[in-house]
1. In Å and from the alpha-carbon atoms only, list the Rg and Dmax of segment 227-309.
2. Roughly what % of Cα-Cα distances in segment 275-326 sit above 19 Å, to the whole percent?
3. Any idea which of Val553, Met535, Gly517 is furthest toward the positive side of the dipole for segment 454-595, if Lys and Arg beta-carbons carry +1 and Asp and Glu beta-carbons -1?
4. Using the per-residue mean of other Cβ atoms lying within 10 Å as a proxy for protection, in what order, highest first, do the peptides 466-476, 401-411, 261-271 fall?
5. Could you sort the peptides 151-160, 505-514 by per-residue average Cβ neighbour count (10 Å cutoff), highest mean leading?
6. Semi-axes of the equivalent ellipsoid of segment 275-589: what are they in whole Å, largest first, if each equals the square root of 5 times a C-alpha gyration tensor eigenvalue?
7. If eta is 1.306 mPa s and T is 10 °C, what Stokes-Einstein diffusion coefficient results for segment 188-333, Kirkwood Rh from Cα pairs, in µm²/s?
8. Given a cut-off of 31 Å, name the pairs among Lys212/Lys402; Lys15/Lys45; Lys76/Lys402; Lys15/Lys171; Lys486/Lys583 whose C-alpha atoms lie farther apart than that in the structure shown.
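Where a number appears in this text, it was derived from the coordinates with a stated rule and is not lab data. Predicted model, so just to flag it, every value in this text is computed and none were measured. Reconstructed Cβ throughout: ideal geometry from the backbone, glycine too, with neighbour counts over all protein chains shown.
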Amino acid sequence: MTSPASRKPKSPQPKILRLSGIPASAGVAVGPAFLMDTHHVEVVKRPLKAAQVPPEIARFEEALIQTRREILDIQKKIATDLGIEHGEIFDAHLMLLEDRSLIEEVIQRLKKEKLGVEWIFSEVLKRYVRTFSRIEDEYMRERTGDLEDVGRRILRNLTGAKRASLTDIQKQAIVVAYDLSPSDTATMHRRNISGFVTDIGGRTSHTAIMAKSLEIPAVVGLEGATRQIHSGDLVIVDGTSGTVIVHPDREMVRNYEALRKKLLDLDEALLKVKNLPAETPDGRRVTLLANIELPEEIPSVIAHGAEGIGLYRTEFFYLNREDLPTEEEQYQAYRHVAKAIQPHSVIIRTIDLGGDKFISKLKIPHEMNPFLGWRGIRFSLGQPELFKMQLRAILRASVHGKIKLMYPMISGVEELRQANRLLDQARKELTQQRKKFDPDLEIGAMIEVPSAALTVDLLADEVDFFSIGTNDLIQYSLAVDRVNEKIAYLYEPAHPGVLRLIQKVIEVAHERELWVGMCGEMAGEPALALILLGMGLDSFSTSAVQVPRIKQVIRSVPTFLAKEVVKEALKMPTGRDVEAFAKARLHQLVPELGD
């Protein structure tokens with residue numbers, strides 16, 4: 001018998017760690033953490049003897065070769081998954097690896113200072129990054145991110161630090177990252193990802209929106225998550241409350257697994273209404289649509305019972321690439337989506353570039369306030385040939401399905417008229433080329449700027465419909481950066497000022513006999529949908545997974561009750577009061593969604 005003294009003591013249970021962030025995508029995930037690449041690689045300043053310098057140079061050159069192999073492998077995988085043109089985004093990384101001035105500076109300093117190559121390279125890299133970040137040329141300044149990425153890869157190969165990426169995930173895991181790029185989120189549906197958390201981001205950041213579309217529980221804005229969570233740690237992600245638990249005990253895991261099953265059972269039950277009309281008990285018909293960014297999302301749109309696509313974001317064609325998409329490439333993509341969603345319609349939003357989304361190919365001047373600068377329709381009007389190329393592609397695709405066109409970031413009538421003049425030019429060019437298009441293509445404007453919300457009566461003469469983009473309307477109305485986790489508490493969809501703007505848009509548009517939709521994340525919140533229903537919103541467009549929930553609200557609440565909710569909500573002084581009231585009424589009227 002083994003004596004008690006000889007038994008190995010059990011490893012102590014790690015201390016339970018609770019983190020609070022911003023709920024980005026509802027649902028519960030439990031599993032091991034997978035820590036993505038972090039921004040910082042530790043390097044040590046170590047002196048060398050003269051005889052150690054040549055081997056150190058050889059080690060540096062081997063790290064360059066190894067880094068080149070890694071980038072070529074990634075480029076090949078991306079090209080296979082997404083197409084050759086997307087793999088070309090890594091050409092700039094490869095060019096930086098061949099920068100002889102940087103390489104020679106490292107070698108010369110190594111010989112002179114006789115310090116470890118990790119330290120020398122890190123110092124040279126910092127100097128290059130500072131220099132690049134000060135360059136006025138936007139294209140060259142954008143290379144700063146490429147330089148930092150390549151530099152981190154070289155440092156990892158020098159230090160032996162493990163490089164992690166989504167392609168390394170072999171089994172279901174929860175991704176923990178500082179942030180996720182559009183190219184990361186675009187390939188998530190092909191990976192073993194059950195949930196994710198990020199250090200930065202907001203409720204309506206690109207990462208959060210994609211998580212909802214892909215039905216992945218997520219929490220963002222967890223400052224310091226990458227410092228406190230390690231690969232392999234057991235993690236619970238509650239994307240509904242914004243809670244992340246690291247090292248949970250068995251009881252916690254059991255409770256959250258039960259909650260996860262309850263949510264999945266609810267989702268399954270709600271899918272039973274997917275083929276039923278979105279109609280209130282007293283007969284008012286509403287249209288439920290879905291937002292997409294990628295054609296691969298269409299099966300999910302259909303599976304969740306959406307009646308079409310209320311927002312097709314087209315920026316993906318332009319981001320993370322060194323070239324520009326051709327008219328033919330865009331036409332084929334729009335044509336595919338239009339045919340796949342028939343007999344329903346698709347609303348294609350013209351490119352909403354600018355702000356934090358720029359095309360590397362174009363030289364864009366640096367702006368102090370990019371979200372208040374050259375973005376959306378302003379960017380398109382400033383690049384008329386690029387804009388007309390997209391307009392021609394949309395027009396050509398319009399004969400293959402029910403397509404509607406929508407302009408983003410409209411702030412006044414003159415912008416609308418300029419955009420429509422370019423649309424007329426695109427029509428004439430196609431007519432001359434004897435290419436077919438729908439002459440009755442419906443045109444819409446997004447209401448995302450307070451000036452547009454207040455002048456709907458003037459804009460109404462130029463369009464066939466309006467779509468309220470609440471993500472930006474809230475941002476601009478409340479002067480709150482919607483992707484800044486530090487001021488996320490100020491981003492209030494139920495703020496009385498925001499609700500009054502929305503109500504005004506709907507009322508005035510209806511007076512002009514135009515229909516009004518909403519394609520912001522607000523349209524997918526059941527409690528707020530109750531208010532929007534009472535205001536008379538005609539169309540709700542949200543992530544596909546939210547469609548059954550919003551349909552359940554609409555099918556459960558008579559119009560007169562929804563109007564009563566609006567009447568009471570508009571009397572309340574704060575957004576928190578409104579949200580609490582709306583959730584309480586939702587619990588009473590649609591108890592299955594109010595928990």
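1. Looking at segment 227-309, its Cα Rg and Dmax stand at 18.2, 54 Å.
2. Here the long-distance tail beyond 19 Å is 45 percent of all Cα pairs in segment 275-326.
3. Val553
4. Working: 466-476: 25.2, 401-411: 23.4, 261-271: 13.6.
Put in order of decreasing packing, that is 466-476, 401-411, 261-271.
5. Top to bottom by mean Cβ count within 10 Å: 151-160, 505-514.
6. 32, 23, 18
7. My calculation gives 87 µm²/s for D.
8. Values: Lys212/Lys402 25 Å; Lys15/Lys45 33 Å; Lys76/Lys402 36 Å; Lys15/Lys171 25 Å; Lys486/Lys583 25 Å.
From Lys212/Lys402; Lys15/Lys45; Lys76/Lys402; Lys15/Lys171; Lys486/Lys583, over 31 Å: Lys15/Lys45; Lys76/Lys402.
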